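J.: Take this structure, written in structure tokens, and hold onto it; I'll ask about it next.
The values are calculated or read from the model by the stated rules, or taken from the named source; none is laboratory data. None of the values given here were measured: they were computed from a predicted structure. With ideal geometry, Cβ positions are generated from the backbone for all residues, glycine too; neighbour counts draw on all protein chains shown. Each accessible area value is taken on the protein alone, full model and side chains, heavy atoms only, with ligands, DNA and RNA left out. Shrake-Rupley method; radii C 1.70, N 1.55, O 1.52, S 1.80 Å.
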Amino acid sequence: MTDRQAAAAKLRVGVVMGGVSSEREVSLESGRNIFSKFDRGRYDPVPIFMDSEAALWEIPLKLLMRNSTRDIEEDLAAEAQRIPYESLKSRVDVVCLGLHGKYGEDGCIQGLLELLRIPYTGSGVLASALGMDKWTARKILSISGVEVPRTLPVFKRQWDTASHAAIQDEVAGKIGFPCIVKPTREGCSTAVAKVTSPEELPEALTAAFVWDDTALIEEFLTGMEVTCGVIGNDHPEALTPSETIPTTAILSLEDKFLYGQGENKTPARLPEEMLSKIRDTAVRTFQSLDLKGYARIDLFVTPEGRVIVLEPNSLPGMTPSTVLFHQAAAAGITQSGLIDRVIQYAVEAHARKKGPL
């Protein structure tokens, strides 16, 4: 095989990172790591940056190595090549989504790629939207027999027009204090607050409404927070569950993604019977929401032995220190090997689909 034939045989994979959500800096770290871990013998990765206006740019390595999305964006016009949406298909064969949060993990970019007829990694349009919306996902999981936290939604229009005292009384009666307040469609612990009394509720809800029009008030759980990766399509398999040890009362973004900050233990320090129950719950969550390719399921194990699903992550962080790589390593899968599987799952799922994934 000539060099030209070998190059033509490689799959061109556009690694999209950055974006317009509150999680764009984590996305940059994920995208950089994914790009660096590709097997160059099989793939020809293309670094693609989504700017703050959702425009796509093919960026050179010197921009890829910049400290922040803002630093990259400053020199896009001079150093990068703009890729109009309609031209993306001529540049890549598959898109590997390193995006996180709104517009990247919630079905929006997935819908665009469906219209462009470009295969992409992770879940389809509906499953991505469900995975991002914690309230809707919890309703579906509950119907499917998967235990979720007791949850009360509060809508901004309701908070703006109804009696605050009535809502506080409803929370006290249905959820109790302390409780957790969070936006329904944010990640990385954005605007998550522990509320210990009715008087603290207005401030927490106001902060949540900065990010979404729906806030969730959920029961405060005690016990062990765990997370479990799931990979595959029709026959998904759970990886080894990890125990997440927060440095504060609420797990922070730094705990989740920054090297040397939060502590994770793989496997979680639980009996094998409980680890098996976590794996089973993670797979049932994956299947109930029709997730594809790979995901990370965050759960809580209470002292009474309840295994409660907090949320799915349909495009989990792929930074160098992410727990998903630790779990894969426990199964004998390297970082490059995991990324290879994610790409192959995408190719397989999109080759067989009828209509949008």
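J.: For the stretch 141-155, what does the Karplus curve 6.51 cos²θ - 1.76 cosθ + 1.60, with θ = phi - 60°, yield as ³J(HN,Hα) per residue in whole Hz, taken in order and with x for Gly and Pro?
T.: Working through the residues one at a time gives 5, 4, 4, 7, x, 9, 6, 10, x, 4, 9, 10, x, 10, 8 Hz.
J.: Next question. Kindly rank 324-332, 167-175 from highest to lowest mean number of other beta carbons found within 10 Å of each residue.
T.: Values: 324-332: 18.2, 167-175: 15.6.
The packing order, highest mean first, is 324-332, 167-175.
J.: What are the extents of the Cα atoms of the stretch 1-116 along their three principal axes, listed from largest to smallest and rounded to whole Å?
T.: 46, 32, 24
J.: Looking at the chain only, what percent of DSSP beta bridges run antiparallel? Nearest 5 please.
T.: Numbers: 42 of 55 bridges.
Beta bridges within the chain, antiparallel portion: roughly 75 percent.
J.: If you don't mind, another one. Taking H placed 1.01 Å from N in the peptide plane, check which residues at least 5 places from ALA268 or on another chain put their amide H under 5 Å from its amide H.
T.: SER242, GLU243
J.: Next question. For the stretch 88-156, which whole percent of the accessible surface, found with a 1.4 angstrom probe, sits on carbon and sulfur atoms?
T.: Details: 1550 of 2510 Å².
Solvent-exposed carbon and sulfur of the stretch 88-156 make up 62 percent of the total.
J.: Sticking with the crude label model, points 7 Å out along Cα→Cβ, report the distance from ALA55 to SER197 in nm, one decimal please.
T.: Here the answer is 5.2 nm between the modelled labels.
J.: Hey, what did the stretch 271-357 get for relative contact order, percent, Cα under 8 Å, at least 6 apart? The partial results should precede the final answer.
T.: Numbers: 70 pairs, mean separation 17.9, N = 87.
Normalised by residue count, the contact order of the stretch 271-357 is 21 percent.
J.: Provide, for q = 0.15, 0.23 Å⁻¹, the log10 of I(q)/I(0) from a solvent-free Debye sum over equal Cα point scatterers in the stretch 259-331.
T.: After summing over all Cα pairs, the log10 values are -0.55, -1.26.
J.: Sort out for me the Cα centre separation of the stretch 171-238 from the stretch 92-128, rounded to whole Å.
T.: The distance from the Cα centre of the stretch 171-238 to that of the stretch 92-128 comes to 25 Å.
J.: Taking only protein heavy atoms and a 1.4 Å probe, what accessible area per residue, in Å², does the stretch 90-227 have with all protein chains in place? If you can, show how the numbers build up before the last one.
T.: Values: 5530 Å² over 138 residues.
Per residue, the stretch 90-227 has 40 Å² of solvent-accessible surface.
J.: Still on this structure, I have one more. Roughly how big is the stretch 5-65's charge dipole about its Cα centre, with Cβ charges of +1 (Lys, Arg) and -1 (Asp, Glu), in debye to the nearest 20? Kindly include the intermediate steps, with their values, before the conclusion.
T.: Details: 8 positive and 8 negative charges, 78 e Å.
With Lys and Arg at +1 and Asp and Glu at -1, about 380 debye.
J.: Next question. Once every DSSP H run of n ≥ 4 in the chain is given -39500 (n - 2.57) and the sum is divided by its residues, what mean residue ellipticity at 222 nm do you get, rounded to the nearest 500 deg cm²/dmol? It would help to have the intermediate numbers written out before the result.
T.: Values: 16 runs with 140 residues, N = 357.
Theoretical 222 nm ellipticity from helices: -11000 deg cm²/dmol.
J.: For the stretch 319-334, in order, what is each residue's ³J(HN,Hα) by Karplus, 6.51 cos²θ - 1.76 cosθ + 1.60 with θ = phi - 60°, in whole Hz (x at glycine and Pro)?
T.: Per residue, the Karplus-derived 3J(HN,Hα) values read 5, x, 9, 4, 5, 4, 5, 5, 5, 5, 4, 5, 9, x, 9, 6 Hz.
J.: Same structure again: Could I have the simple spin-label model distance between ASP75 and ARG40, label points 7 Å from Cα toward Cβ, reported in nm to one decimal?
T.: 2.1
J.: State, as an integer percentage, the relative contact order of the stretch 18-152 based on alpha-carbon contacts under 8 Å between residues 6 or more apart. Before the final figure, lay out each step's value.
T.: Details: 168 pairs, mean separation 31.1, N = 135.
Averaging sequence separation for qualifying contacts and normalising by length gives 23 percent for the stretch 18-152.
J.: Okay, next question. Please state, as a whole number in µm²/s, the translational diffusion coefficient that the Stokes-Einstein equation yields for the stretch 132-216 at 37 °C and 0.692 mPa s, with Rh defined as the Kirkwood radius across alpha carbon pairs. Walk me through the numbers on the way to the answer.
T.: Values: Rh = 13.1 Å.
The calculation lands on 250 µm²/s.
J.: Still on this structure: By what distance, in whole Å, do the Cα atoms of the chain stretch along each of the three principal axes, largest value first?
T.: Principal extents (largest minus smallest coordinate, Cα): 71, 46, 43 Å.
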